[in-house]
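Enquirer: This structure is in structure tokens; I'll ask about it shortly.
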Amino acid sequence: MSGRSRWWHIRVYAESELLGLVSPVHAAADLWRVHRLHQVGLGRTVAVAEVALDRVIGMAGIALAVVLAGVTLPWEMLAAFGAVAAVAGIAALVVHRRRPDLLARRPLPGPGVLGFGLTISVLYQVGVAGLILGSVIGVGSSVSLLGLVTVFAASQLASIIPRFGGADPHNAALAVGLASLGVPWTAAVGAISLVAVVPWIPALLFGGSSFAARRVAALAASHPHPLRTAREHLATRRLIPRRWAPPALAADLEPEPAPLQP
């Protein structure tokens with residue numbers, strides 16, 4: 001929809017994740033993505049719909065990962081997940097009835113795009129599960145793979161609830177689940193702490209680098225000759241000798257001749 005390259009979207013996503021980690025309930029992530037899409041020409045409504053659709057595909061990927069895990073979840077948890085899905089469906093239906101023009105501006109993705117998004121979401125869940133297993137082993141404990149998959153699948157449904165930085169219901173559910181599998185509380189909390197800290201590394205590396213690169217590009221565009229501009233600024237403030245100033249500015253800095261006496 002935006003007409004931008006995939007690399008542009010990856011950079012925006014990295015920036016949004018960094019902002020999301022430092023903001024309450026991860027709210028700044030979606031707000032930043034909407035802002036960047038609006039900057040490149042998308043209407044604000046279309047940008048909001050774009051980000052919301054990404055979230056819906058992500059939640060669908062979580063549900064698909066739970067199904068593929070082949071675990072049996074408590075009916076209360078399934079009922080809660082179904083209630084959230086029903087509310088989202090009803091909200092979309094109301095918007096479609098009351099404001100059909102809003103949805104008409106954003107065409108739905110094709111089957112190929114939808115399948116690609118679901119595949120990325122499922123692979124992301126597999127990567128997080130591997131990170132949890134590695135963290136448990138890293139703190140000197142162990143857990144059965146089947147038990148970890150069961151706990152991870154159950155805790156993923158808590159990911160729908162907004163989070164604050166690394167502390168969220170998902171991580172709390174993971175800690176309780178690991179403790180129920182026989183992992184000591186100290187080891188469970190240590191493993192989840194590692195899981196909460198690790199996302200900061202790529203966020204700072206990629207998101208921070210993207211912010212820095214955009215800032216440098218903006219400064220280069222506003223000051224095409226930075227060294228000359230700096231020399232002019234320093235010479236104007238008499239911080240460097242006039243002979244070091246650019247020729248045009250050095251002539252302006254020469255003192256005016258004294259008037260001739262009659």
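Enquirer: Looking at 129, 80, can you tell me which residue is surrounded by 11 or more Cβ atoms within 10 Å (Cβ to Cβ) and at pLDDT below 70?
Expert: Numbers: 129 fails: at pLDDT below 70.
Exactly one of 129, 80 is surrounded by 11 or more Cβ atoms within 10 Å (Cβ to Cβ) and at pLDDT below 70, namely 80.
Enquirer: In the range 1-55, what residues are surrounded by fewer than 19 Cβ atoms within 10 Å (Cβ to Cβ), assigned to a loop (DSSP other than H, G, I, E, B) and among the aliphatic types (A, V, I, L, M)?
Expert: Hits for the range 1-55 are 1, 22, 40.
Enquirer: While we're on this one: When the range 203-224 is examined, which residues are found to be at pLDDT 85 or above and loosely packed, with under 13 Cβ neighbours inside 10 Å? Before you say what the answer is, go through the steps one by one.
Expert: Of the range 203-224, the ones at pLDDT 85 or above are 203-213.
Scanning the range 203-224 gives 205, 212, 213.
Enquirer: When residues of the range 179-219 are filtered for being in a helix (DSSP H, G or I), under 18 Å from residue 131 (Cα atoms) and within 27 Å of the chain's Cα centre (by Cα), how many remain?
Expert: 14
Enquirer: Can you name every residue in the range 113-144 that is of a type outside the set (S, T, N, Q), assigned to a helix (DSSP H, G or I), farther than 14 Å from residue 174 by Cβ and without any contact (Cβ under 8 Å) to a residue 60 or more places away in the chain? Even if it seems obvious, please write down each step before you answer.
Expert: Pass one, the range 113-144, residues of a type outside the set (S, T, N, Q): 113-118, 120, 122-124, 126-134, 136-140, 143.
Still in the list and also assigned to a helix (DSSP H, G or I): 113-118, 120, 122-124, 126-134, 136-138.
Next cut, farther than 14 Å from residue 174 by Cβ only: 113-118, 120, 122-124, 126-127, 137-138.
Correct list: 113, 114, 115, 116, 120, 123, 127, 137, 138.
Enquirer: So if I check each of 157, 227, 181, which one is at pLDDT below 85 and within 23 Å of residue 64 (Cα to Cα)?
Expert: Numbers: 227 fails: within 23 Å of residue 64 (Cα to Cα); 181 fails: within 23 Å of residue 64 (Cα to Cα).
The conditions single out 157.
Enquirer: Looking at the range 1-56 only, could you name the residues that are at pLDDT below 75 and in contact with a Leu (Cβ under 7 Å, 6 or more places away or on another chain)?
Expert: Answer for the range 1-56, where residues must be at pLDDT below 75 and in contact with a Leu (Cβ under 7 Å, 6 or more places away or on another chain): 1, 2.
The values are calculated or read from the model by the stated rules, or taken from the named source; none is laboratory data. As the structure is a computational prediction, the values presented were derived from the model and not from experiment. Note: ideal-geometry Cβ built from the backbone for every residue, glycine included; neighbour counts use all protein chains shown.
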